[in-house]
Structures are given as C-alpha cells and as structure tokens.
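Colleague: Once you've had a glance at the structure underneath, I'll fire off some questions.
Taken together, the values in this text are just the output of simple stated rules run on the coordinates, not laboratory data. Only a predicted model underlies this, so the values are computations on that prediction, with no experimental measurement involved. So basically every Cβ, Gly included, is an ideal-geometry build from the backbone, and we count neighbours across all protein chains shown.
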Amino acid sequence: MRVVFRTDASLAIGTGHVMRCLTLAVSLRERDAAVSFVCREHDGHLCDLIEARGFAVSRLPVPNTEYQAEPEPAHASWLGASWRDDCEQTRTAIEGAGAKADWLVVDHYAVDHRWESALRKSVGRIMVIDDLADRVHDCDLLLDQNLVAQMRTRYADKVPAACGRLLGPDYALLQPIYAELHDRIPPREGQIRRLFIFFGGADSDNITGRALTAFLQLNRPDIEVDVVVTEGSPHAAAILQQVTGHDNIHLHSGLPTLGPLMAKADLAVGGSGATSWERLCLGLPALVVTLADNQRAIADGLSQRDLVNWLGQHDEVNELVIARALGKLLGQGLHEDWSRRCLALVDGKGVDRVCAVLITTATTPLRVRYAKLADEAQLLAWNNDYATPRNDAIGGVIPATAGRIGFRDDLRNLDGCWLYIAETIDGEALGQVRFERLAQAWEFDFVLAHEFKGRSLERPMVQAGLRRFRADMGRALTFGQPPYANARLSQKFNSLGFDNPRQAGQAQWRIGVCSDADSWINDAIPELIVDWLAAGHSVSWGHDAAELPGGDLCFYLSYGRVVGPELLARHKNNLVVHESDLPRGRGWSPLTWQVLEGKSSIPVTLLEAVNAVDSGPIYLREAIELRGNELVEDLRRLQADATFLLCRRFVLDYPMVLGKARKQVGDASYYQRRRPANGQMDVDKPLREYINLLRVSDNNRYPAWIDLNGRIIRFRLES
C-alpha cells in the first residue's frame, strides 16, 4: 500500500500538523506501507525532520512573496500558493513517484473540496484530517480527533454521505509511547512538585515567556519546571535568557517525544492544540491558553467537561492571570478526580485504530466473536449511525436507554438471538452481525462501523458471521426472510455497497441449499447465500434435505445422500452441480478422479436432480482449467467458483433457463466412492508418479500415506 501525506509546517501554521502525520506515517510504515510526504518549504518547515525520520519528501517551492491568498477557505494564506497551483504541484509529486497512491492523507486547513476533487484521478482514496469543520471536503475518510459540541453532526453537510468519519479522541494520533505510559502513570493528586510548559511549535506571541514570568513571580524554587521550545522559535534566545540562573527550570528542544516529560509532571501550562490529547492520555491536568481562534472550540469542549482550566485567548491572558491560576493550584494541590477524568478520555491507541481503517480491505482476514457487555456503547453508536426517522421515533437517534435495554435483552435471549462482533485479526471492530429467530427460520441484520464504509467490507463481514453462526448452531440451520422483505434492511443492503442489489420488478424466489454437514464447501456457501439475499431472494440452508422448507429451487451442493421423489417434490426444480462431462463420470468425487487421470480441463455441469443419480437434463456447463500445480485447497476454490457461477447464472435466468435443458447423450461411466486406502503410495516407486495423488490429498480426511515396515506414515502437504 502506498500512502502520500500533504501537510505543512511554518511559523504561522505551527508544527502540530506535521508531527501528527509523522506519527501516523511511522505506524503505517511498520505495517509495510510505502509512505512519502509532499510539503512546501515555508519559513519554519519541517522537511529536514521528516527526512531524518526516514521518509521521502517532495518539496514544493518557497511561496511567492507576490502571492495573494483567496478569501476562502479561512486559512487559504497558509497554502503559500493558489489551490490550483498547489494541486498541480502535488499531482506532479504523486505521479512522479510511479505507482498510483492508494491513499492521499491531507492535513491542511487551506485545502478544501476543490483541491481534493481535482486530485481524485491521481489517488485511490483521500483521507482528510481536520479540526475546524469550516469547509466542504471531497474525501473518503475524515478524521477529527477533537471533542467539541455537536461532534457527531458537525460534518453532516461537509463531507459526502458515503464518507467514513473518525470522530473524537479515540482516534487521536499519538505516538505509541503514550499508550504504553497511559496504563503505567498513576493519577496526579496532592502537592504539585513539577510543571510542564509547552505552547506548541509556533507560539509567535511568546506565551511561553509569559508563563515563565508568571511562575517566577510566585518565587517557588522548590518546584521543578520543564520548558519545551522548538529549535526554530524566534523567541528561543529570550526564553534562554529568562531561565538563566534558575536551576529548577530546565529548557528542552528537539525532543523525539514529549511523553517522558509529561509523565514526570504534575501540572501543565500550555495551548489547546494537538498536545491536548497527549496530556489527557497521561492524565496530566493543565492550565490552557488558546493561541488561535481554531483552538477555542477544543478548549471550550474540554473545559465544559472539567478536563482543563481554560484561562482564555492569548490576547486576553497576561502574566497576572496565569500567576493567579497557577498560584491557586500550587497552594491547594490537585484532587485526583481531575487526573482520572483525563485518563478515562484518551487511551493512546488512536493511531492503531486509524491504521486499521486505512489498511483494512475486503481481502483482510476477519474473525467473529460473541458480543459482550463491554461492546454496549460501541453497538449503540453503530446503530445510531444508521438510524433513520422511519425506524425509530426520535428523529433518527436511538435513545441511550432504549439502546441499552435492547442490547442487554439480546445478550440474555440465548434461544432467540445471536449477536456477534466482526473484527480484524488485530482486534479492531468492524461491525455487528445479528441473527434473530422468527418462527422456524432465522433473519439476520448487520451494521458496519461508519469509518469502514466504502471499502466493500459488508460482504466479507456478513459471510464471516454466517460461517460462525453455522458453526455455533451445529448441523442444521435456515435463513428465512430476505433483507428486501424488510424495508429498513432493503435500504441498508442498497446503501452499503452490495454489488447486485435487487432491481425494481425483479422476481423473488424461495431458494434452498443443502450440503453435507462436514463438507469443505460449507465455508464457501455463505458467499452464495449473501448474493441471493442481497438480490431479494429467500434462502434456506441446511444439512438434511428433510428439514428444508419447500420452495422454488433447491441446490444440492456436495450432498452425498440420495434424495427421494417425495423430497424432490417440495421444490419446483432441484439442481445438482457435477464436475464431469455427463453422462461420463457420474458418481463420486469426479474432480479428484480426473486430476488423478492427469486431465487439465475439468467440465462442470449443472443439471436437474432426478431419481437416478446424475442422470437428469443438463442446463448449463462451465470448465475448470488447471495449471498442474494446484493442491487440494486450490482445487476446491476453483470448484466453488465454478459451482457458484453456474448457480448464479441459473437463478438470474430462471425460469427461462429451463428452456435450455437437454438430455444426456452417450454411454455412461461411473466413479467409485473415494476411500482412505486410495491415498497409499508405494515406497519403491519414484515420487513423480504420485504428484497428482499428492495434489488431491486432504490432510485431514484423505491423506497420502505409506506403509513403512508395518508402520503407517501420513504426509502433510503445504505450499
């Protein structure tokens, strides 16, 4: 995966945008992504630092002094060029590096939907990191790690409906050290012994100097103070002079991380930018002075929750204001509740969550687990993402109380409800799959987390849920109502990106699927079921033909028992898929026997099931082409693909396809049932004679083996 970051640092912009992008870039690189940056060489840029961290940087030229910023967006002057010029320069940088970027990550207040739309053809997807919600974006994923009023709705009219949203401090882009320290650092309480002062990478008004003056006025040489100033700060010399002679004040710059200094501190004095989340993660109480208008909403949101003491805007706060607030806390000490509130809000794992969203695709391995009480808040949030005024009475929002009651009732309803969480193998939750018993059938519902939308994850998530449900239910299960029998599910299947949603006027069929309970094909059958459910059909799946309800069609896939006329009469048509050129090759395991015969092209036939085995009229044919190096798992995947292709084609063209039926012509031949004894090899013959036998060997049921002086030796094959 290739990821390109477009972000800048300058004396006006500060360093926070680049630093949080670097944190994400490092984490992506650890997950084998190829990462690079595009940055303009503003005064105060961090291109050298980015390169020192091992990332390539495409440097855009120094801003033209004659450049006149456009009136919108509000921070347009920070770009240092017109959006059109910057867009073309960025496009050249991206395309000049070769392969198309899978993700373009944009962290820049001066960029809006015009710039983003113009770069669509050069990248796979676009992620925007924003804090302001003051402009429209054309992006696939938006991250706002802040905690402000109306957080869930503030981007409602500013991003596309299909855009995934990562909102709140759960997605704060912090270095890994913060997650490590979060579980180690105890809450602050009692006497304050050490201060931490940092006002970000810009601090053009030298609030750091004001805070130092305020502290010095208190005459507290017993308190240690750590002050962080960036190397390029225009006020570095003045601050150095200010602390000279004060042995309890320690000046720092060029640190790879602020975590250790924050861990040692009892109280911080600083701004309300990206550092807010680092302080909160380590439970560090703070006096906050906002340095720019874009920090006000953050400071207000944190202040409303008693997470910071907001002293005001930089032009409203002088040394006396800081000294009074600081002196009060130094005198009374800290109550540990303040620190505990901070620790509870940010766990430091946001970068892992964001990486999971970026790298998770339809091919990502998923696992499914039972839902737990600890999932309650997450499930309520997911369901609210898809709530609409049609399916609840509160204008599209499910009340927390109702959500909790419903979820807890589901957990206790052991006979009528199975609720699962689907997640990546790294433990990042993708969504829920829910099964509810209705009479003798089960209806399923699902919710995909909003941040994973647009990634074609609905199908693999639902398929994984079906596989787990089948395993938990045992040998027989049925799925009754299709999603389109329920208006809410119909809308969900249409809106969540299924490839073949039901079209208006399309016929709906009652379809049965019957397979042996121990067949390998059961792991693949959910693919077929999801397709048919998404197309509006009713699907029942079981492992005993006698337990299936009647209907229009029934497909017997890898089903080894003979189905008599009474059971066949339950459906209008009964279909079998057989891997041979019928009537030649009737019987058992035809694909396996033909591989053993050395064939490289295997016919696959869909036919009507009749009383005489494999002798019904033929409707459709396909072929499996082999290279000669496939092992049993490869052969099974090819067999499943060909089988499902024929089944889908039959249903899509039903009932007209019945007119294509043709009788089997020619002499019939038969394959015998495969036995474990068929896997024996002669120790005196060369291995090459057994290549095809090894290819079809099943490590569990039909292994290849030798008799070595009376001892049975079985071979286990891997590739």
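Colleague: Can you sort His113, His137 so the residue with the fewest Cβ neighbours within 10 Å comes first?
Modeller: Fewest to most other Cβ atoms nearby, the residues stand as His113, His137.
Colleague: Using a Cα-Cα cut-off of under 23 Å, which lysines could be cross-linked to Lys453, ignoring same-chain neighbours fewer than 8 residues away?
Modeller: Lys100, Lys121, Lys158, Lys349, Lys492
Colleague: Also, I was wondering about something else. Counting other beta carbons within 10 Å of each Cβ, put Met1, Met681 in order, fewest first.
Modeller: Met1, Met681
Colleague: Of the listed peptides 60-72, 211-223, what is their order by residue-averaged count of other C-beta atoms within 10 Å, with the highest listed first?
Modeller: Highest-to-lowest ranking by the protection proxy: 211-223, 60-72.
Colleague: Ok, one more. If you stretched the chain out fully between Gln440 and Ser719, how much longer would it get, using 0.36 nm times the residue separation minus the C-alpha to C-alpha distance?
Modeller: 96.1 nm
Colleague: Over what distance in Å are the Cα centres of the range 525-586 and the range 649-705 separated?
Modeller: Computed from Cα coordinates, the inter-centre distance equals 20 Å.
Colleague: Where Rh is the Kirkwood radius over the Cα pairs of the range 669-712, the temperature 4 °C and the viscosity 1.567 mPa s, what D in µm²/s does Stokes-Einstein return?
Modeller: 113 µm²/s
Colleague: How large is the direction-averaged shadow of the alpha-carbon convex hull of the chain, in nm²?
Modeller: Orientation-averaged projected area of the Cα hull: 40.3 nm².
Colleague: Given R₀ = 45 Å, FRET efficiency for Thr213-Ser82 by Cβ-Cβ distance, to 0.05?
Modeller: The pair Thr213/Ser82 has a calculated efficiency of 0.60.
Colleague: Additional query: When the scattering of the range 176-345 is computed by the Debye formula from its Cα atoms alone, each counted once and equally, what is log10 I(q)/I(0) at q = 0.09 Å⁻¹?
Modeller: Rounded to two decimals, the profile gives -0.26.
Colleague: Would you mind counting up the charge near Thr208? Only other residues with Cβ under 15 Å from its Cβ, with Lys and Arg at +1 and Asp and Glu at -1.
Modeller: With Lys, Arg at +1 and Asp, Glu at -1, the net is -4.
Colleague: Here's something else I'd like to know. Give the relative contact order (percent, whole number) for the chain; include only Cα pairs under 8 Å separated by 6+ residues.
Modeller: 7 percent
Colleague: Give the order of Lys453, Lys572 when sorted by the count of other beta carbons within 10 angstrom, beginning with the fewest.
Modeller: Lys572, Lys453
Colleague: Based on DSSP H runs of at least 4 residues, each adding -39500 (n - 2.57), what is the mean residue ellipticity at 222 nm of the chain after dividing by all its residues, to the nearest 500 deg cm²/dmol?
Modeller: -9000 deg cm²/dmol
Colleague: In the chain, what percentage of the DSSP-assigned beta bridges are antiparallel, given to the nearest 5?
Modeller: 40 percent
Colleague: What nm value, rounded to one decimal, do you get for the distance between Asp306 and Ala623 when each label is placed 7 Å out toward the C-beta?
Modeller: Result: 7.7 nm between the two label points.
Colleague: Stokes-Einstein D for the range 2-167 at 4 °C, 1.567 mPa s, Kirkwood Rh over Cα pairs, in µm²/s?
Modeller: Estimated via Stokes-Einstein, D reaches 81 µm²/s.
Colleague: Loop-only GluC sites (Glu not before Pro) in the range 287-366, please: DSSP not H, G, I, E or B, and at most 13 other Cβ atoms within 10 Å.
Modeller: The qualifying sites are Glu316.
Colleague: Whole-Hz Karplus ³J(HN,Hα) for the range 270-282, in order, using 6.51 cos²θ - 1.76 cosθ + 1.60 and θ = phi - 60°, x for Gly and Pro?
Modeller: x, x, 10, x, 4, 5, 3, 6, 5, 4, 4, 4, 9
Colleague: Which aspartates and glutamates have a Cα less than 16 Å from the Cα of Lys599, not counting those fewer than 8 places away in the same chain?
Modeller: Glu579, Asp581, Glu622, Glu625, Glu630, Asp634, Glu689
Colleague: For helix 319-332, report the angle its Cα long axis makes with the longest principal axis of the Cα atoms of the chain; keep it between 0 and 90° and round to the nearest 10°.
Modeller: It is inclined by approximately 70 degrees.
Colleague: Sticking with this one: Just add up the charged neighbours of His137: K/R +1, D/E -1, any other residue whose Cβ is under 14 Å from the Cβ of His137.
Modeller: Here the count lands on -3.
Colleague: Just to verify a number: FRET efficiency for Arg53 and Asn294, C-beta to C-beta distance, R0 = 30 Å, to 0.05?
Modeller: Rounded to the nearest 0.05, the efficiency is 0.70.
Colleague: Please list, by residue number, everything in the range 635-654 whose backbone N is under 11 Å from a paramagnetic label point 7 Å out along Cα→Cβ of Asp523.
Modeller: Under cut-off, by backbone N: 636-637.
Colleague: What does the extension gain come out to for Asp544 and Ala362, with contour length at 0.36 nm per residue minus their alpha carbon separation?
Modeller: Here the segment from Asp544 to Ala362 would lengthen by 62.3 nm.
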